[in-house]
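Here the structure comes first, spelled out in structure tokens, and everything after it is commentary.
No value in this document is a laboratory result; all are computed from the given coordinates. Every value quoted in this text rests on a predicted model; they were computed, and no experiment measured them. Using ideal geometry, Cβ is built from the backbone for each residue, glycine included, and neighbour counts are taken over all protein chains shown.
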2 protein chains.
Amino acid sequence: MSTTAEPQQLYLGIDGGGSKCRAILVSQDSEVLGEGISGPGNPLRGMEIATASIMDATRQALLCAGLPERAMAALTVGAGLAGVNVPQYHALFRDWQHPFAAFHLTSDLHIACMGAHHGQDGAVIIIGTGSCGLAQSCQQVLEVGGHGFPYGDNGSGAWFGLQMVHQVLLCLDGLAAPTAMTEALLKASHCHDQLALVQHFMHASPTLYAKYAPLIFACAEQGDAAALAIVRQGAAHINAIAHRLMSIAPPKLALIGGLAYKVEPYLDAAIRARIVAADASPEWGAVWYARQLAQQQEKTA
Amino acid sequence: MSTTAEPQQLYLGIDGGGSKCRAILVSQDSEVLGEGISGPGNPLRGMEIATASIMDATRQALLCAGLPERAMAALTVGAGLAGVNVPQYHALFRDWQHPFAAFHLTSDLHIACMGAHHGQDGAVIIIGTGSCGLAQSCQQVLEVGGHGFPYGDNGSGAWFGLQMVHQVLLCLDGLAAPTAMTEALLKASHCHDQLALVQHFMHASPTLYAKYAPLIFACAEQGDAAALAIVRQGAAHINAIAHRLMSIAPPKLALIGGLAYKVEPYLDAAIRARIVAADASPEWGAVWYARQLAQQQEKTA
């Protein structure tokens with residue numbers, strides 16, 4: 001190790017999701033030098049869009065830092081991209097002729113976990129439009145859930161919304177006892193009857209379903225029995241993910257995503273006792289991931 | 001009533017579904033004179049396609065019967081079209097300048113019930129890719145279920161397939177105990193692992209899910225506990241629809257659709273005791289519907 005005479009090593013952390021790509025440029029001393037934000041950063045809509053977004057966010061970060069574009073060639077990059085757990089998308093990035101000194105690729109879930117626990121061991125469950133979990137402990141990594149909607153993403157915003165529509169349609173058909181949740185959903189979706197409700201949710205995206213997830217928690221809090229049953233069922237799904245992640249004994253657990261604070265009170269006491277606040281963002285996780293891999297490579301060199 | 005000197009009245013029954021339109025031309029003495037089959041006969045893909053399919057099937061039926069195209073103007077038509085329970089689609093047909101003597105419009109579910117019970121009172125539950133039920137008794141009509149997938153169509157082929165994929169993914173994630181159903185689904189879908197399974201069902205249509213419904217019944221019959229639990233849950237949904245339909249006291253119940261004979265053994269004894277075989281096809285139901293309306297109009301004239 002004789003880095004003292006070398007120029008300072010810069011790290012770029014990239015979080016590439018389905019709608020946005022975020023980049024953060026960090027010095028060796030963990031000082032933020034620049035940031036960037038652009039369009040979709042995952043390869044599901046094609047490599048051209050994904051790599052254009054990554055390059056765009058990178059250029060913005062360099063510009064912020066007052067660095068020339070050619071500085072790119074010296075960057076050690078960590079990137080967490082949605083979808084790269086699928087081999088065909090991973091292969092596209094492996095073959096990408098990137099302009100960086102090094103490009104370390106992993107999943108968006110992995111960098112979320114690295115960010116939440118400052119690069120140390122721990123577990124994370126994301127409860128947003130979708131749901132999934134990852135634990136990292138003593139060199140082991142375990143991923144659970146996700147998989148997509150409607151067959152997966154149990155206990156996610158989209159899942160809660162779908163269960164709510166399902167239950168309300170049963171009530172309107174006279175197949176289940178009506179509760180206050182029926183009126184609440186009709187009002188919130190501006191539907192005056194069952195037919196309008198069906199038309200509102202016909203071919204609905206996970207995002208549309210997820211929009212109504214907070215409403216079911218509000219109904220449950222007001223004592224609606226049907227809403228409470230669904231909330232408990234969704235929380236049981238998240239509990240199951242949490243217990244599975246605990247099987248490799250991560251020292252702590254962070255819940256992230258828009259619905260995390262809603263679900264948390266309904267989880268088992270044993271799980272709630274392990275929960276900590278997330279330390280930093282996924283972009284930071286990507287920086288720490290890049291650093292760890294760079295250090296490992298130095299050691300083995 | 002003095003129809004003896006008039007030319008014979010001909011009836012045309014039309015069953016317009018999402019993929020096919022069937023027509024049957026019937027004499028006053030219930031003799032089949034001709035048949036026709038064409039493309040999508042419901043208005044969900046636009047009135048042009050729907051009316052072209054109806055005209056095409058009608059021309060075929062007239063050709064079969066050796067009748068000229070101008071005979072259309074004398075036909076009394078009954079049409080059961082998917083989607084016309086939605087007011088905007090119903091309005092399109094109400095305004096249609098049809099070339100027939102009379103055009104009596106109702107839903108595909110209604111003519112299925114009329115066909116199953118020879119135009120008499122009764123109930124029908126369709127268990128195919130989707131699920132829905134209708135009862136007709138003493139001038140009352142009650143429709144239950146349907147509404148679409150994934151929030152409705154409980155106990156349908158698509159519903160069973162989705163539950164199966166959901167349960168198998170829980171098993172593969174270590175969140176539920178694995179059963180023989182896991183291997184059975186992987187094998188049937190030619191997927192070697194969880195990731196392949198997720199890709200196979202990503203953005204799957206109800207039709208793709210429904211393809212796997214018979215497999216879950218096969219697993220249940222072989223004693224698979226997880227499969228049996230889902231089969232019982234699906235049958236409970238159909239039971240609930242049946243009990244609701246019985247609330248207006250239809251004298252009998254017919255189960256139709258590809259999955260009907262699979263679900264039937266799992267229904268309540270009280271429901272099974274009411275089940276009869278369907279008498280005739282929905283096209284025949286459309287003919288009887290047209291006759292009833294024509295007779296009512298004669299009476300009131």
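Taking H placed 1.01 Å from N in the peptide plane, check which residues at least 5 places from A:Leu33 or on another chain put their amide H under 5 Å from its amide H.
Close amide H contacts, sequence-distant or interchain: A:Leu25, A:Val26, A:Ser27.
Give the residue from B:Gly41, B:Leu185, A:Ala23 lying farthest towards the positive end of the charge dipole for the protein assembly as shown; charges sit on Cβ (+1 for Lys and Arg, -1 for Asp and Glu) and the dipole is referred to the Cα centre.
Final value for the positive-end residue is B:Leu185.
Based on the mean of other beta carbon atoms within 10 Å per residue, what is the order of A:123-130, B:223-230, most packed first?
Numbers: A:123-130: 26.5, B:223-230: 18.1.
Top of the packing list down: A:123-130, B:223-230.
Nearest 500 deg cm²/dmol is fine: what mean residue ellipticity at 222 nm does chain A get from its DSSP H runs of n ≥ 4 alone, each adding -39,500 (n - 2.57), divided by its residue count? Intermediate results must be reported in sequence, preceding the final value.
Numbers: 12 runs with 132 residues, N = 301.
Helix contribution divided over all residues of chain A: -13500 deg cm²/dmol.
If you rotate chain A onto chain B, whose Cβ in A ends up lying nearest the axis, and how many Å away is it?
A:Pro150, 2
Of all beta bridges DSSP finds with both residues in chain B, what is the antiparallel percent, to the nearest 5? Before the final figure, lay out each step's value.
Details: 24 of 41 bridges.
Restricted to chain B, the bridges split so that about 60 percent are antiparallel.
Among B:Ala52, B:Leu197, B:Ser137, which residue has its Cα furthest toward the positive end of the charge dipole of chain B, with +1 on Lys/Arg Cβ and -1 on Asp/Glu Cβ?
Value computed over the given set: B:Ser137.
Highest GNM mean-square fluctuation, chain A, Cα pairs closer than 10 Å: which of A:Leu170, A:Leu109, A:Leu185?
A:Leu170
Note the full-extension length gain between B:Met202 and B:Asp29 as 0.36 nm times their separation in residues minus their Cα-Cα distance, in nm to one decimal.
Extra length from B:Met202 to B:Asp29 when fully extended: 57.1 nm.
Lysine pairs, Cα distance under 29 Å, 8 or more residues apart or cross-chain: how many in chain A? Write down the numbers at each step before the final one.
Numbers: A:Lys20/A:Lys211; A:Lys20/A:Lys252; A:Lys20/A:Lys262; A:Lys187/A:Lys211; A:Lys187/A:Lys262; A:Lys211/A:Lys262; A:Lys252/A:Lys262; A:Lys252/A:Lys299.
So the count works out to 8.
Only Cα pairs under 8 Å and at least 6 apart count here; give the relative contact order of the stretch B:157-272 as a rounded whole percent.
Values: 109 pairs, mean separation 33.2, N = 116.
Normalised by residue count, the contact order of the stretch B:157-272 is 29 percent.
Taking the DSSP beta bridges in the protein assembly as shown as the whole, what percent of them are antiparallel, to the nearest 5? Working shown, then result.
Details: 48 of 82 bridges.
If we restrict to bridges inside the protein assembly as shown, about 60 percent are antiparallel.
With only Lys, Arg, Asp and Glu charged, each at its Cβ (+1 for the first two, -1 for the last two), find how big the charge dipole of the stretch A:157-272 is about the Cα centre; round to the nearest 20 debye. If you can, show how the numbers build up before the last one.
On the way: 7 positive and 7 negative charges, 90 e Å.
I would put it at about 440 debye.
Which distances in nm, rounded to one decimal and ordered from shortest, link the label point of B:Asp268 to the equivalent label points in the other identical copies, with labels set 7 Å from Cα toward Cβ?
Sorted ascending, the copy-to-copy spacings read 3.6 nm.
Would you mind working out the magnitude of the charge dipole of the stretch A:1-152 relative to its Cα centre, with +1 at each Lys and Arg C-beta and -1 at each Asp and Glu C-beta, to the nearest 20 Debye?
On the way: 6 positive and 12 negative charges, 58 e Å.
About 280 debye.
Go through the stretch B:66-83 residue by residue and turn each phi into a ³J(HN,Hα) via Karplus (6.51, -1.76, 1.60, θ = phi - 60°); whole Hz please, and just put x for glycine and proline.
Listing the rounded values in order: x, 9, x, 4, 5, 5, 3, 5, 9, 7, 9, 10, x, 10, x, 10, 4, x Hz.
Please give the average number of partner chain Cβ atoms lying within 10 Å of the Cβ of each residue in A:260-270, rounded to a whole number. Intermediate results must be reported in sequence, preceding the final value.
Details: counts 0, 0, 0, 0, 0, 0, 0, 0, 0, 0, 0.
Other-chain Cβ atoms within 10 Å of each residue's Cβ, averaged: 0.
Which helices pass in chain B if a helix is a full DSSP H run, must span at least 24 angstrom along its long axis by Cα, and must have mean Kyte-Doolittle hydropathy not below 0.0?
Sorted by number, the helices that extend far enough and score high enough are B:47-64, B:225-246.
Which residue, A:His110, A:His190, A:His243, has the most motion in a Gaussian network model of chain A that connects Cα atoms within less than 10 Å?
Of A:His110, A:His190, A:His243, the most mobile in the Gaussian network model is A:His190.
Rounding to the nearest 20 debye, state how big the charge dipole of the stretch A:229-301 is about its Cα centre with +1 on each Lys and Arg Cβ and -1 on each Asp and Glu Cβ. Please report the intermediate quantities before stating the final value.
Details: 8 positive and 5 negative charges, 39 e Å.
Using only the charged Cβ atoms, the result is roughly 180 debye.
Please report the relative contact order for chain B, taking Cα pairs under 8 Å with a sequence separation of at least 6, and give it as a percent rounded to a whole number. Walk me through the intermediate numbers first.
Numbers: 620 pairs, mean separation 64.0, N = 301.
Reported relative contact order: 21 percent.
Given a 10 angstrom Cα cut-off, can you work out which residue in A:Ser27, A:Ser156, A:Ser137 is the most mobile in a GNM of chain A?
Result for chain A, Cα springs under 10 Å: A:Ser27 fluctuates most.
Amide H to amide H under 5 Å from B:Ile127: which residues, 5+ apart in sequence or cross-chain, H placed 1.01 Å off N in plane?
Residues meeting the amide H criterion: B:Ile256, B:Gly257, B:Leu259, B:Ala260.
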